[in-house]
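Novice: Have a look at this one.
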Amino acid sequence: TPEPLAPTLDSARRVLKQYYGYDTFRPMQESIISNIMSGKDTVVLMPTGGGKSVCFQVPAVVQEGVCVVVSPLIALMKDQVEALKANGIPAEYINSSVGQSEQTSIASDCLNGYLKLLYVSPEKLVSPGFLQFLQRLRISMFAIDEAHCISSWGHDFRPEYTQLRVLREQFPQVPIIALTATADRLTQRDIQQQLRMHEPEVFLSSFDRPNLNLIVRPGQNRVGSIVEFVTARPSESGIIYCLSRKQCETLAQKLKEKGVRANHYHAGMTPNQRASVQEGFLRDDLQVIVATIAFGMGIDKSNVRWVIHYNLPKNIEGYYQEIGRGGRDGAPATAILFYSFADVMSLRDMLTKDADPRLSQLSLTKLERMQQFAEAASCRRKILLNYFGETLEKDCGNCDICRNPPTTFDGTELAQKALSAVVRMRERAPIGLLIDVLRGMRNQAILQGGYEQIKTYGAGRDLPYLDWYSYIHQMLNDGLLYIAYEEGYSLKITEVGKLVLQGQRQLPMKKFQPAEKAEKQPRG
Ligand code: ADP
Ligand code: ZN
């Protein structure tokens, strides 16, 4: 058993050296560890790979008593405990997979003060009897890993986490450390409130990953673009995220046909199949994994050179986590998101089906933020960092917007044409029909509605369909129009839209660039 040392930074450094073999703490770790060792509640927000575990494991070794770690995933719990044991630190885990006699022996190792860390699932922690058992122990602290799971505002809410409120009531003297790699501003606040933390010190390490080149491209012909991108980089590993299992399989097949060492990965495969794909990727036998979001949890591969999103992710937290699997080694890496409005529609349909209306509303709002990110005309990194509560003073210079800033022009007149048509069609037209009317097409829907009679019919025939499509989306982004999903996705005009229509407000617009044109511009 390691002898308890006086809880000073010096002894913490010695533990780091002796058990982990590292000479120095990373800057943020040192302040976090001091704070924890002074017995204060602590919130740690640090991206994956930042070194969160050391922050509570080292104080756990240094301090008297046992540190109780709450962790949601049985597999990760096992890995962490094995890594600790391999380093010579007495640690165990208790969850549904651990047998009764094993649990008894772990319990006695806790009681006799041998164990420094005890990992438990949230269910186990709050189960009858277990809290009573904990009352008999000397507990140095509670470490709540993946703390965002406590918040229904987060993107990975786990109801069993909400019971962790009882910790403060039953153990008022024990400090609580909450750790997460993914929490927007609202979730951060909610974590502190729910755990009843006392004026916690919050450590927000930068979420910036300056080596990631952030790119958003239009979704048209994405398969072709992806095949071209991947085959041009035969020695670079990458991950492609798709929404559906079927898409993963189809795209992986397509890449294989082009001679790429690719395979798919999703939750519909057996654990053995998944493990073998994952190992192939880690060993670089596979160059490309085409996966659903099931892939990536706990994967430690540093030389992933690019991450592609075939579909729009559901929210910014998820997107950020997924692109964060690229460029862990600090060398340049690329994140490409293919954006299509059709994805927004299908995600919307999916999310609306949530039985809980509040959750459904929340996920729809998060989706909107994601969509705004994809359609934005300002530095992508600024938007991302802002989402996690950080501000970037200057534009990043390493995203598609910074590298190729959109030129704006006065789009007021253009917008007025569209807005006027929307009103004259009595706000009953979805986007496609509106564009057809503006461009003076003659099809059945137009003739049936008598829309060829309205004043703005054909007023926009000088512009191609895709240009109108882009401009109308900018108008949606700028809040001039909205889509009534429940009324056949028809476009409605807002108060701001009316101001523009009446000439009381100007509208700068971003010039539309078709995908191929944008591609040919020099990058960097
Ligand atoms: P997180 O939990 O934030 O994802 P980990 O705690 O798993 O991150 O740490 C990520 C990696 O960084 C691990 O390989 C860990 O051993 C290493 N690491 C952590 N702290 C240090 C340090 N002070 N010096 C060197 N390497 C460190
Ligand atoms: Zn930028």
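Novice: Report the one residue of ILE240, PRO172, GLN63 whose Cα lies farthest in the direction of the positive end of the charge dipole of the chain (charges on C-beta: Lys and Arg +1, Asp and Glu -1; origin at the Cα centre).
Specialist: Comparing the listed Cα positions along the dipole, ILE240 ranks first.
Novice: Still on this model: In whole angstrom, and with the biggest value first, how far do the Cα coordinates of the chain range along each principal axis?
Specialist: 88, 51, 43
Novice: Pairwise over distinct Cα atoms, reciprocal of the mean inverse distance: report the Kirkwood radius of the stretch 228-327 in Å, one decimal place.
Specialist: Over the stretch 228-327, the inverse of the mean reciprocal pair distance is 13.4 Å.
Novice: Hey, another quick one. Please give the calculated 222 nm ellipticity per residue for the chain, where each DSSP H segment of at least 4 residues contributes -39500 (n - 2.57) and the sum is spread over every residue; nearest 500 deg cm²/dmol?
Specialist: The per-residue figure over the chain is -12000 deg cm²/dmol.
Novice: So if the hydrodynamic radius of the stretch 10-97 is defined as the Kirkwood radius over C-alpha pairs, what does Stokes-Einstein give as its diffusion coefficient at 10 °C and 1.306 mPa s, in µm² per second?
Specialist: Reported coefficient: 115 µm²/s.
Novice: Treating the beta-carbon of each Lys and Arg as +1 and of each Asp and Glu as -1, no other charges, what is the dipole magnitude of the chain about its Cα centre, to the nearest 20 debye?
Specialist: Taking the Cα centre of the chain as origin, the dipole is about 1120 debye.
Novice: Please report, to one decimal in angstroms, the Kirkwood hydrodynamic radius of the stretch 137-190 built from all distinct Cα-Cα pairs.
Specialist: 11.7
Novice: Starting from the coordinates of the alpha-carbon atoms of the stretch 274-360, obtain the Kirkwood hydrodynamic radius over all distinct pairs and give the value in Å to one decimal.
Specialist: The Cα-based Kirkwood calculation yields 14.6 Å.
Novice: Per residue, what volume in Å³ does the convex hull of the Cα atoms of the stretch 149-279 enclose?
Specialist: 187
Novice: Let me ask you something else. Under 17 Å from a point 7 Å along the Cα-to-Cβ line of ALA377: which residues of the stretch 401-432 have their amide N that close?
Specialist: Inside the label zone: 401-419.
Novice: Further question: So, in nm, how far is label GLN193 from label GLU487 when the simple model puts each one 7 Å beyond its Cα toward the Cβ?
Specialist: Rounded to a tenth, the inter-label distance reads 3.5 nm.
Novice: What are the ³J(HN,Hα) couplings of the stretch 316-328, residue after residue, when phi is run through the Karplus curve with 6.51, -1.76, 1.60 and θ = phi - 60°? Round to Hz, x for glycine and proline.
Specialist: 5, 4, x, 4, 5, 4, 5, 5, x, 7, x, x, 5
Novice: Show me 389-399, 364-374 ranked by packing, highest mean number of other Cβ atoms within 10 Å first.
Specialist: 364-374, 389-399
Novice: Each residue of the stretch 410-419 in order: what ³J(HN,Hα) in whole Hz does its phi give by Karplus 6.51 cos²θ - 1.76 cosθ + 1.60, θ = phi - 60°, with x for Gly and Pro?
Specialist: 6, x, 4, 5, 4, 5, 4, 4, 5, 5
Novice: What is the ratio of the Cα radius of gyration of the stretch 294-448 to 2.2 N^0.38 Å, with N the residue count, to two decimals?
Specialist: Cα-based Rg divided by the globular estimate yields 1.31.
Novice: Please give, to one decimal in nm, the separation of the simple spin-label points placed at ARG185 and ASN272, each 7 Å out from Cα toward the Cβ.
Specialist: Taking the simple label geometry, ARG185 and ASN272 are separated by 5.1 nm.
Novice: Any chance you could give the angle, 0 to 90 degrees and rounded to 10, that helix 271-282 forms with the longest Cα principal axis of the chain?
Specialist: 80
Novice: Follow-up. Helix 74-86 against the longest principal axis of the chain: what's the angle in degrees, Cα atoms only, rounded to the nearest 10?
Specialist: Tilt of helix 74-86: around 40 degrees.
Where a number appears in this text, it was derived from the coordinates with a stated rule and is not lab data. As the structure is a computational prediction, the values presented were derived from the model and not from experiment. Here the Cβ is made from the backbone with ideal geometry for all residues, glycine too, and neighbour counts use every protein chain on show.
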